[in-house]
1. Quick test for you: out of A:61, A:57, A:36, pick the one residue that is more than 14 Å from every other protein chain (Cβ to nearest Cβ), farther than 21 Å from residue B:80 by Cα, touching a residue at least 24 places away in the same chain (Cβ under 8 Å) and in contact with a Leu (Cβ under 8 Å, 6 or more places away or on another chain).
2. Might you check whether a residue that is without any contact (Cβ under 8 Å) to a residue 60 or more places away in the chain and assigned to a helix (DSSP H, G or I) occurs anywhere in the stretch A:101-115?
3. Can you tell me how many residues in the stretch A:116-153 are more than 30 Å from residue A:182 (Cβ to Cβ) and surrounded by fewer than 17 Cβ atoms within 10 Å (Cβ to Cβ)?
4. Anything in the stretch B:57-83 that is within 18 Å of the chain's Cα centre (by Cα), loosely packed, with under 14 Cβ neighbours inside 10 Å and more than 30 Å from residue A:80 (Cα to Cα)? List them, or say none.
5. Go through the residues of the stretch A:123-132 one by one and say whether even a single one is assigned to a helix (DSSP H, G or I) and within 13 Å of chain B (Cβ to nearest Cβ).
6. Among the residues of the stretch A:9-25, which ones are buried (at least 22 other Cβ atoms within 10 Å of the Cβ) and within 14 Å of chain B (Cβ to nearest Cβ)?
Amino acid sequence: MFMYEKRLQHPVNIKNPNPKLAKIIITQYGGPHGEIGASLRYLSQRYAMPYPELRAILTDIGTEELSHLEMVGTIVYQLTRNLTPEQIQEAGFDTYFVDHTTGVYPIAASGTPFSASTFAVTGDTIADLHEDLSAEQKARMSYDNILRFADDPDVREPIKFLRAREIVHFQRFGEGLRILTDKLDSKNFYAFNPSFDKH
Amino acid sequence: MSEKEALRRRIYAVEFASWELHLFLDTHPNNNEAAKKQEEYRERARKLRKEYEEKYGPIGETPHNTSRWAWISDPWPWEKEAN
């Protein structure tokens, strides 16, 4: 089960609104490399995992991603406080505002709403773990790109925290993949599908 | 930053270290050194939480430890006042 603890994993306290930045950062809420996709990917893949270490790491990282989703939502929320119609229009935030006002909607920076087609659950442990490594790397890349556009230290600080978590998760998934391959025939890692063959 | 806020942050920093070790132990369940370190952080967090709760009341509101009024009226995590 999940139970709510009424706090963020890492504090977010942004003094100055910046709708232009919010429009970019929201991509980590509902974009192709964002936190909702990360969480759903890991929490859905875990059922087919054949080894206990893999079930544990997917559950824990999938759970942590929900805390990251909340942090990104908070950044977007705080960046869009007390805006005038002029500020909204100048920032190009009007195209978002017209549908969502300042509600936080899972959407990519390009405007595409969140889709489960941004991730896969194959039931094949090798395919899923490789995807997870790739996903962490892509999320880190997105945070790096956000940092190119964000000069407000109040924004950079929590974004850097989130970026660092992607690196740790990449490492843990790499270890997970190694746990898997250590148990397979080293002459042919692709010979069988452990999660399918088990049943 | 108030003394209360500084203590709150210390607790969450220690608990974060414990969480990090928890993830590490998922893929290294036989690593006794990491398990020992995690136990140390857990113990530190327990002591700091006790100190906080004696001085200021519950920390890290959950449905199990908070009053119905605090739950709805204390700032929500996305509000600046909560951070």
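Where a number appears in this text, it was derived from the coordinates with a stated rule and is not lab data. This one's a predicted model, so the numbers in the text were calculated from it and none came from an experiment. Heads up, the Cβs are rebuilt from the backbone with ideal geometry, glycines too, and the neighbour counts pull from every protein chain shown.
1. Only one candidate passes the filter, namely A:36.
2. Looking for residues that are without any contact (Cβ under 8 Å) to a residue 60 or more places away in the chain and assigned to a helix (DSSP H, G or I), one finds none in the stretch A:101-115, hence no.
3. Qualifying residue count for the region: 10.
4. B:57, B:64
5. Yes, there is a match, as at least one residue in the stretch A:123-132 is assigned to a helix (DSSP H, G or I) and within 13 Å of chain B (Cβ to nearest Cβ).
6. Once the filter is applied, which keeps residues that are buried (at least 22 other Cβ atoms within 10 Å of the Cβ) and within 14 Å of chain B (Cβ to nearest Cβ), the stretch A:9-25 yields A:12, A:14, A:22, A:25.
Residues are listed down the side, and each one gets a yes or a no for (1) small (Gly, Ala, Ser); (2) touching a Ser or Thr at 6+ places or on another chain (Cβ under 9 Å); (3) surrounded by fewer than 20 Cβ atoms within 10 Å (Cβ to Cβ):
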{"residue": "A:30", "(1), (2), (3)": "yes, yes, no"}
{"residue": "A:33", "(1), (2), (3)": "no, yes, no"}
{"residue": "A:48", "(1), (2), (3)": "yes, yes, no"}
{"residue": "A:81", "(1), (2), (3)": "no, yes, yes"}
